[in-house]
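Peer 1: Questions regarding the structure given below will be posed in turn.
The values are calculated or read from the model by the stated rules, or taken from the named source; none is laboratory data. Because the structure is predicted, anything quoted here is derived from the model rather than measured. All accessible areas refer to the heavy atoms of the entire protein, side chains included, with ligands and DNA or RNA removed. Shrake-Rupley method; radii C 1.70, N 1.55, O 1.52, S 1.80 Å.
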Amino acid sequence: MHDIRAIRENPAAFDAALARRGDAAMSEELLALDSERRTKIQAAETAQAEQNKASKEVGAAKGRGDEDEFQRLRALVAEKKAEIAAMQSDAKDLDAQLTDKLARIANAPAQDVPEGADENDNVEVNRWGTPAELDFEAKEHFDIPAVSALMDFETAAKISGSRFVLLKGAVARVHRALAQFMIDTHVDQNGLTEVQTPVLVRDEAMYGTDKLPKFGEDSYQTTNGWWLVPTSEVPLTYSVAGDVLEASQLPIRMTAHTLCFRSEAGSAGRDTSGMLRQHQFEKVEMVSITHPNESDAEQKRMLRCAEDLLEQLGVPYRTVILCTGDMGFGARRTFDIEAWLPGQNAYREISSVSTTGDFQARRMNARFRPEEGAKPEFVHSLNGSGLAVGRCLIAVLENGQNADGTVTLPDVLAPYLGGKQTMTLEGNLV
């Protein structure tokens, strides 16, 4: 969330940041609302002072036996009390309006984020691996002979509808192995703390991590008000809501493997084949809570953690920095990692690593004390996929496919598969 004080101090800079995202200027509207709110507050405070003064004089008038003055002052106290209540109510309503407007405005892009309108204007910053030159026509994951019978979309649709899948046998085991490999790597090599989080969260957690109020339609809500998490970024980040941390506690680095749920609102017709875009999927998430001076370096560290997973799996990828028009609502800067999918002959997103600066921290009042006795400041929060398990499964299967329809699996997964590294045409691991 934006700081209204910063907007007061430099409205031109605020509007310029909005313009970089392609949004209209809003400082004039926000400051007018803010001015009206502050006027109401000041008027209420003035009336309160007048009421207090009149209240003191009531007793004096009574003591003097001045009945007319006594009655006048009593009426004045009652009048001021009603005025104060009305003005405080107005100020509260105006404050709610201002907060709601601020909550719907996207984060300001970092200065190094490239200008652009959409994904076509993203800028490649890194590339690893060379896509294999296959001597056969590559198939998409769901058409690979060793895979097709074990990736059941029809039964899943019978149970739950479209955009769900049943993974069976060897495919289910490889999917599980990938998640275990990611978590173990983050804990044992990257120094993250594993957290088992709830996947049902309250409004406050969704709001604090910028998923509400603007994007409620993108998530699922239960009949009793809980939200199914779109990503474990929500519970991990919100775990420090309302806290005042000591500087020595930072950075806090966490990871979690959870189910994730997204309605995919507005994605009708996109990626309808296969399991690239599902309502329910699994993801290993990374979240860091940092000192503001360290957040840019932390984002680079998190990016390397995600890239390294693909390198260990032998999956070619490219990394792009998202332009202003393609960046997510809460992000200050985002790097996307796109894995090579031979079946689509294209790179597709498998991870996003974003810094939000203090955007989320302001919403959830997460702060730290720079030094003993110092005034608390807002922390910075970062999040990144490390990795999307289903999409990683797709990449591993497609990059490991052979001309005979079998799939060769990465060496690093062998310890999780009982030493087996091949999926046979019969759907077995050998």
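Peer 1: Tabulate in residue order the Karplus-calculated ³J(HN,Hα) for the range 14-19, using 6.51 cos²θ - 1.76 cosθ + 1.60 with θ = phi - 60°, rounded to whole Hz; enter x for Gly and Pro.
Peer 2: 5, 5, 5, 5, 4, 4
Peer 1: While we're here: Can you grab the distance from the C-alpha centre of the range 389-430 to the C-alpha centre of the range 175-238, Å, no decimals?
Peer 2: Between the Cα centres of the range 389-430 and the range 175-238 lies a distance of 28 Å.
Peer 1: Which order do TYR347, TYR317 take when ranked by solvent-accessible area (1.4 Å probe, heavy atoms of all protein chains), largest first?
Peer 2: TYR347, TYR317
Peer 1: Just how far, in whole angstrom, is the range 113-148 from the range 1-66 if you go by their alpha carbon centroids?
Peer 2: 53
Peer 1: Okay, moving on. Under the Karplus relation 6.51 cos²θ - 1.76 cosθ + 1.60, θ = phi - 60°, what is the ordered set of whole-Hz ³J(HN,Hα) values for the range 273-289, x standing for Gly and Pro?
Peer 2: Per-residue couplings from phi come out as 8, x, 10, 5, 10, 10, 6, 10, 8, 10, 8, 9, 10, 10, 9, 10, 10 Hz.
Peer 1: Express in Å², to the nearest 10, the accessible area of LYS214 obtained by rolling a 1.4 Å probe over the protein heavy atoms while all chains stay in place.
Peer 2: 100
Peer 1: Express in nm, to one decimal, how much length is gained between ALA12 and LYS168 on full extension, taking 0.36 nm for each residue of separation and deducting their alpha carbon distance.
Peer 2: 50.5 nm
Peer 1: Next question. Not counting ligands, DNA or RNA, and with a 1.4 Å probe, what is HIS279's accessible surface area in Å² rounded to the nearest 10?
Peer 2: Around 30 Å² of this residue is reachable by solvent.
Peer 1: Related question: Could you give each residue of the range 366-375 its phi-based ³J(HN,Hα) in whole Hz, using Karplus coefficients 6.51, -1.76, 1.60 with θ = phi - 60°, and x for Gly or Pro?
Peer 2: 3J(HN,Hα) across the range 366-375, in whole Hz: 9, 10, 9, 9, x, 7, 4, x, 7, 5.
Peer 1: To one decimal place, what orientation-averaged projected area in nm² is obtained for the convex hull of the Cα set of the range 289-430?
Peer 2: One quarter of the hull surface, i.e. the mean projection, equals 11.2 nm².
Peer 1: Which entry in (i) 22, 47, 20, 8, 3, 0; (ii) 24, 55, 21, 1; (iii) 26, 58, 15, 0 is this structure's computed P(r) over Cα pairs in 20 Å bins from 0, in percent?
Peer 2: Answer label, from the structure shown: (i).
Peer 1: Separate question: Taking the alpha-carbon centroid of each part, what is the distance from the range 153-170 to the range 337-361 in angstrom?
Peer 2: What the calculation gives is 25 Å, centre to centre.
Peer 1: Give, in nm to one decimal, the length gained when the segment between LYS214 and GLU133 is fully stretched (0.36 nm per residue of separation minus the Cα-Cα distance).
Peer 2: 24.7 nm
Peer 1: For the range 184-294, how big is the tail of P(r) above 21 Å, as a whole percent of Cα pairs?
Peer 2: Roughly 44 percent, rounded to a whole number.
Peer 1: As a test of reading the structure, rank ASP336, ASP93, ASP358 by solvent-accessible area (1.4 Å probe, protein chains only), most first.
Peer 2: Ranked from most to least accessible, the order is ASP93, ASP358, ASP336.
Peer 1: Still on this structure, please answer the following. Need the full-extension length gain, LYS300 to THR408, defined as separation in residues times 0.36 nm minus the C-alpha distance. One decimal, nm.
Peer 2: Length difference between fully extended and current span is 35.7 nm.
Peer 1: Something else now. Order ARG72, ARG362, ARG64, most accessible first, counting only protein heavy atoms with a 1.4 angstrom probe.
Peer 2: ARG64, ARG72, ARG362
Peer 1: Another question about this same structure. Before I look further, what does the range 1-104 give for accessible area per residue, probe 1.4 Å, in whole square angstrom?
Peer 2: 61
Peer 1: Quick check: at a probe of 1.4 Å, how many percent of the accessible area of the range 105-259 sits on carbon and sulfur atoms?
Peer 2: Its accessible area is 48 percent carbon and sulfur atoms.
Peer 1: Related question: What 222 nm value per residue comes from the helices of the chain, counting each DSSP H run with n ≥ 4 as -39,500 (n - 2.57) and dividing by all residues, nearest 500 deg cm²/dmol?
Peer 2: Calculated at 222 nm, the ellipticity per residue is -13000 deg cm²/dmol.
Peer 1: What figure, in Å² to the nearest 10, do you get for the accessible area of THR99 with a 1.4 Å probe and non-protein molecules left out?
Peer 2: Result for THR99: roughly 50 Å² accessible.
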